[in-house]
Amino acid sequence: MGYLFAYMRNKTDFRVAAFLFVSTIMAACLSGCSQQKYSVSFDAMNTFMTITGYGRKSEAAVKKAQTRIYEIEELLSTTKEGSDIFRINEKAGETRETSVQAETAGLLAFARDMAFSSEGAFNPCLYSITKAWGFTTGQYTVPDSLLIQELLPGTDYTKLKVDSHDGECWVGTIPGMMLDLGAVGKGYAGDQAIKVLKENGITSALLDLGGNIQVLGTKTDGTEWNVGIRNPWDSTVCAGLKIADSAVVTSGGYERFFTADDGRKYIHIIDGTTGCPVESGLAAVTIVCESGLHADALSTAMFVKGLDGAAEYWRLHRDFEMIVITDGQDLYYTEGLEGRLSVIYSFSNVFVIR
Ligand code: AMP
Ligand code: MG
């Protein structure tokens, strides 16, 4: 049977993605899945999502999981007026505290911890910078370096405070600080959707949240899911990965970028130390671990760190697995994926990180 595709991130990829996805699911069913299943596809969090649950109770469970994702979007969206993040960013000129829901506070505390743990490679305070480059609107531009210098002090994640007092949760920001949970929102939504599915009696499900693949359990025949990793240079599958109860999350420069008048390509992942799109020598990083939230944060952080920094971080933590594809067409993967990863594309070199 074909691969599930771990790479459809935006609406432009969506028709091909939907076709491939539906074909894959159909193939699964033709090959003997007599169980009931329910699948729903929808737009949320600026991307295209599909949730497929198996079993008798799948329709009700999948619908509840979809509703849960909409709820999370309402909390975390940078553009929906009234969302917690929107309200924090609205008055970015001031030093102040904003009252937020406990769920937002919890996620921001996680994001701040990840920022410290990755030494700023992951930084939830870069929204003013992504805005200046036009990644929030699609009106791309190379901002004046003076503007970047003015914005950088507001991106200091060490000044982000998350607190609770007077019976409420509060987020403290400094002047110019604007928050963006775009690098973890879909991973968090995936974890929450899986929680809802489990609570509603589902033991086998597949989620494609804009290219973040998360699976609950195994396929209904008890075998592992086979997830395809996208070749960053075209839309083919360059490797396959067998997983159960896991998230497979990729960050790649190919997902959103523009080519400026100077002929240079600028991608949507920002190096917080320069305020510019990162140039780490990587084409894509895929993280595999149980939590979608952790995988999503790490995929962005490891992309920013580059190969050596990512390998060093992995050796220190060892609570996730990763596939790193360099601009030079080398593929590196961590030793925990041995026996689970099949490389299809002829990379210049394939190395194991130990
Ligand atoms: P992802 O595709 O998960 O790597 O997330 C990328 C998105 O996260 C971007 O589109 C920005 O909204 C935001 N972002 C960009 N650079 C960073 C960074 N260094 N740390 C955290 N979030 C970032
Ligand atoms: Mg991410």
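The values are calculated or read from the model by the stated rules, or taken from the named source; none is laboratory data. On a predicted model such as this, the values are computed, not experimentally measured, just so you know. Reconstructed Cβ throughout: ideal geometry from the backbone, glycine too, with neighbour counts over all protein chains shown.
Just one of (1) out of contact with any Leu (no Cβ under 6 Å at 6 or more places or on another chain); (2) among the polar types (S, T, N, Q); (3) crowded, with 18+ Cβ neighbours inside 10 Å trips up THR104, so point out which. Unmet condition: (1). If the condition is being out of contact with any helix residue (DSSP H, G or I) (no Cβ under 6 Å at 6 or more places or on another chain), more than 20 Å from LYS186 (Cα to Cα) and within 16 Å of ligand 1 (Cβ to nearest atom), then segment 223-262 contributes only PHE258. Just so you know, in segment 78-88 the residues that are within 18 Å of ALA183 (Cβ to Cβ) and not charged (D, E, K, R) include one that is surrounded by the most Cβ atoms within 10 Å (Cβ to Cβ), and it is ILE85. Just so you know, in segment 238-261 the residues that are among the hydrophobic types (A, V, I, L, M, F, W, C) and away from ligand 2 (no atom under 16 Å from the Cβ) include one that is farthest from SER299 (Cα to Cα), and it is ALA260.
Quick one: how many residues across segment 205-261 are among the charged types (D, E, K, R), assigned to a loop (DSSP other than H, G, I, E, B) and at pLDDT 95 or above?
Qualifying residue count for the region: 4.
Counting only residues that are among the charged types (D, E, K, R) and closer than 16 Å to VAL249 by Cβ, which one in segment 301-328 is nearest to ligand 1 (Cβ to nearest atom)?
First pass over segment 301-328, keeping only residues among the charged types (D, E, K, R): 305, 308, 312, 315, 318-319, 321, 327.
Narrowing the set further to residues that are closer than 16 Å to VAL249 by Cβ leaves 305, 319, 321.
On the way: LYS305: 10, ASP319: 18, GLU321: 17 Å.
My answer is LYS305.
Number of residues in segment 135-147 that are touching a Ser or Thr at 6+ places or on another chain (Cβ under 8 Å) and over 22 Å from THR79 (Cα atoms) equals 0.
With respect to the stated conditions, THR98 fails to be in contact with a strand residue (DSSP E or B) (Cβ under 7 Å, 6 or more places away or on another chain) and closer than 24 Å to SER291 by Cα. Taking the conditions exactly as written (β-branched (Val, Ile, Thr), surrounded by 19 or more Cβ atoms within 10 Å (Cβ to Cβ) and within 15 Å of ligand 2 (Cβ to nearest atom)), does VAL184 satisfy them or not? Here the answer is yes, as VAL184 does meet what is asked.
Table: residues versus (1) in contact with a Phe, Trp or Tyr (Cβ under 8 Å, 6 or more places away or on another chain); (2) part of a strand (DSSP E or B); (3) modelled with pLDDT of 95 or more.
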| site | (1), (2), (3) |
| --- | --- |
| THR12 | no, no, no |
| SER23 | no, no, no |
| GLY53 | yes, yes, yes |
| LYS64 | no, no, yes |
| ILE72 | yes, no, yes |
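Looking at segment 156-181, which of the residues that are within 12 Å of ligand 1 (Cβ to nearest atom) and over 15 Å from THR95 (Cβ atoms) is surrounded by the fewest Cβ atoms within 10 Å (Cβ to Cβ)? This residue is TYR157. Being touching a Phe, Trp or Tyr at 6+ places or on another chain (Cβ under 7 Å), part of a loop (DSSP other than H, G, I, E, B), modelled with pLDDT of 95 or more and closer than 27 Å to GLY93 by Cβ is the requirement here; does GLY134 meet it? Considered against the rule, which asks whether it is touching a Phe, Trp or Tyr at 6+ places or on another chain (Cβ under 7 Å), part of a loop (DSSP other than H, G, I, E, B), modelled with pLDDT of 95 or more and closer than 27 Å to GLY93 by Cβ, GLY134 comes out as yes. In segment 339-350, how many residues are free of Cβ contacts under 8 Å to residues at least 60 places away in the same chain and surrounded by 14 or more Cβ atoms within 10 Å (Cβ to Cβ)? So the answer is 1.
Here is a yes/no grid of residues against (1) within 16 Å of ligand 2 (Cβ to nearest atom); (2) at pLDDT below 95; (3) not charged (D, E, K, R):
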| site | (1), (2), (3) |
| --- | --- |
| GLY263 | no, yes, yes |
| GLY272 | yes, no, yes |
| LEU282 | yes, no, yes |
| SER299 | yes, no, yes |
| PHE320 | yes, no, yes |
| ILE323 | yes, no, yes |
| GLY328 | no, no, yes |
| GLY339 | no, no, yes |
| VAL352 | no, no, yes |
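When each of LEU298, LEU331 is tested for being outside any loop (DSSP other than H, G, I, E, B) and away from ligand 1 (no atom under 16 Å from the Cβ), the lone residue that passes is LEU331. For the subset of segment 156-174 comprising residues that are modelled with pLDDT of 95 or more and over 13 Å from ARG112 (Cβ atoms), which member is farthest from the chain's Cα centre (by Cα)? Filtering segment 156-174 for residues that are modelled with pLDDT of 95 or more and over 13 Å from ARG112 (Cβ atoms), the one farthest from the chain's Cα centre (by Cα) comes out as GLU168.
Among the conditions (1) surrounded by 14 or more Cβ atoms within 10 Å (Cβ to Cβ); (2) at pLDDT below 95; (3) of a type outside the set (S, T, N, Q), LYS91 misses just one, which is (1).
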